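Only one structure is covered here, and it is reproduced in the block below.
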Amino acid sequence: MNKGLKEEISKFHFLNVGWKDTDIFLLFLFIPSLLLILFILPDYLKFDHFILFPLDPKIETLFLSNYVHSSYSHLMGNMTFYLVIMFLIINFETNRRFFITSFLLFSFVLPFIVSFSMVHFIGLPFPVQGYSGIVSALVAYLMFAFYRYCKKYYYPKIGHEFIYFLIFLNLFLVLFHLNVPIYAYLAISMLLLVTAYINRPFFDYVSMKLHSFFRPGMIHNSSNIIIVYALLVYMLLVYFLIGLPLLIPENVVNEAGITNSLGHYTGYVFGLVSTLMLERFNKVF
């Protein structure tokens, strides 16, 4: 990236972690290439060693099934989600070591948990495969990356109440896809309102910053490329901060097959819980 352009982007505190070229290669080239290579493997090899059949699980399929895909559209969908989420994370991440540790957990521990959930809770005679469990964990992780970004650069007083607000907002939106009792809507709505009220000082601060940024003088201080870049990053961020409904669609069965909603939920919850535990571990040690 052009040095001057990178300095302009860093004014928004994007890409300020000091990512290495190796990081960019592994995250944006190696992982997608690996998924593509595994996709074009011979079918007989994938059926024997990669695709998970919940009624006949194997050690290797419990892990490797999370890295193969049933169709080209399935692969492209997961890969596109992965690349966009990773683009957002590298912009907002404030701790490279924390992210690498989390990503290793998502890549090597989560696949077994997702597969075990399918074997234990589903146990149906259809094959299970796909990278979406790991992508779901990254969607959850994005909330923490943005939370730490705000805490470090803009509003040090922000607390975990902001994350809870985002969680309840996602749950509130997901409820519209599910047939649940009315009291579930009321309970989530109350929790959403309470956490929104607790975060009112932060929302007031964001409103003030937006008002000051869109003053004519402020916008003219940055190039059009940087303004477009910043707007793109924040538009994508808002879209994926409420990303749980994207992972749990209204129509689970579609022309592409059956959406693995349980795997998505498992990945999302693992992303939330593991990141909270890792953050607590870092504070203790």
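Accessible area per residue for segment 43-181 is 43 Å², calculated with a 1.4 Å probe on protein heavy atoms, without ligands, DNA or RNA.
Extending 7 Å from the Cα toward the beta-carbon at both residue 43 and residue 151 defines two label points whose distance is 5.0 nm.
Kirkwood-based Rg over Rh for segment 1-74 (C-alpha set), two decimals? Mind dumping the intermediate values first?
On the way: Rg = 18.7 Å, Rh = 15.2 Å.
Dividing the radius of gyration by the Kirkwood radius yields 1.23.
About its Cα centre, the dipole of the chain is roughly 1120 debye, where the only charges are +1 on Lys and Arg Cβ and -1 on Asp and Glu Cβ. Taking label points 7 Å from Cα along the Cα-to-Cβ direction, residue 176 and residue 239 give a separation of 1.7 nm.
Taking N as the residue count of the chain, its C-alpha radius of gyration divided by 2.2 N^0.38 Å amounts to 1.07.
For the chain, what does the relative contact order come out to in percent, with C-alpha contacts under 8 Å and a separation of six or more? The partial results should precede the final answer.
On the way: 287 pairs, mean separation 69.2, N = 285.
Averaging sequence separation for qualifying contacts and normalising by length gives 24 percent for the chain.
Mean-square fluctuations from a GNM of the chain, with a 10 angstrom spring cutoff on Cα atoms, peak among 187, 137, 145 at 187. The trypsin sites (Lys or Arg not before Pro) found in segment 115-164 that occupy coil by DSSP, while having at most 14 further C-beta atoms within 10 Å, are 157. Listed here are the pairs 20/151; 20/209; 20/157; 157/283; 20/283; which of them are more than 21 Å apart at the Cα? Going by Cα-Cα distance, 20/151; 20/209; 20/157; 20/283 fall outside the 21 Å limit. Other residues within the sphere of radius under 12 Å centred on the Cβ of residue 70, judged by their own Cβ, net out at 0 (K and R +1, D and E -1). When the solvent-accessible area of the chain is split by element, carbon and sulfur atoms take up 70 percent of it, the probe being 1.4 Å. Note on the chain: with a GNM built from Cα contacts shorter than 10 Å, the maximum mean-square fluctuation among 182, 242, 134 falls on 182. Between the amide H of residue 58 and those of 53, distances stay under 5 Å, these residues lying 5 or more places away or on another chain, with hydrogens modeled in the peptide plane. Taking every DSSP helix (H) stretch of at least 4 residues in the chain, weighting each as -39,500 (n - 2.57) and dividing the sum by the residue count yields a mean residue ellipticity at 222 nm of -21500 deg cm²/dmol. Full extension of the segment from residue 59 to residue 73, taken as 0.36 nm per residue of separation minus the current Cα-Cα distance, would add 2.3 nm.
Placing dummy labels 7 Å off each Cα toward the beta-carbon, the span from residue 196 to residue 24 is 4.0 nm. Taking each residue as 0.36 nm, the span from residue 189 to residue 96 lengthens on full extension beyond its C-alpha to C-alpha distance by 30.0 nm.
Note on the chain: dipole from Cβ charges, positive end direction compared against 102, 208, 243; the farthest Cα belongs to 208. Counting charges near residue 203 (Lys, Arg +1; Asp, Glu -1) among other residues having Cβ under 12 Å from its Cβ returns a value of 0.
Using a Gaussian network model of the chain in which every pair of alpha carbons under 10 angstrom is joined by a spring, one finds that among 95, 199, 179 the greatest mean-square fluctuation is at 179.
The values are calculated or read from the model by the stated rules, or taken from the named source; none is laboratory data. Note that this is a predicted model, so its numbers are computed, not measured. Every residue, glycine as well, gets a Cβ built from its backbone with ideal geometry; the counts of neighbours run over all protein chains shown. Note: areas computed on protein heavy atoms with side chains; ligands, DNA, RNA excluded. Shrake-Rupley method; radii C 1.70, N 1.55, O 1.52, S 1.80 Å.
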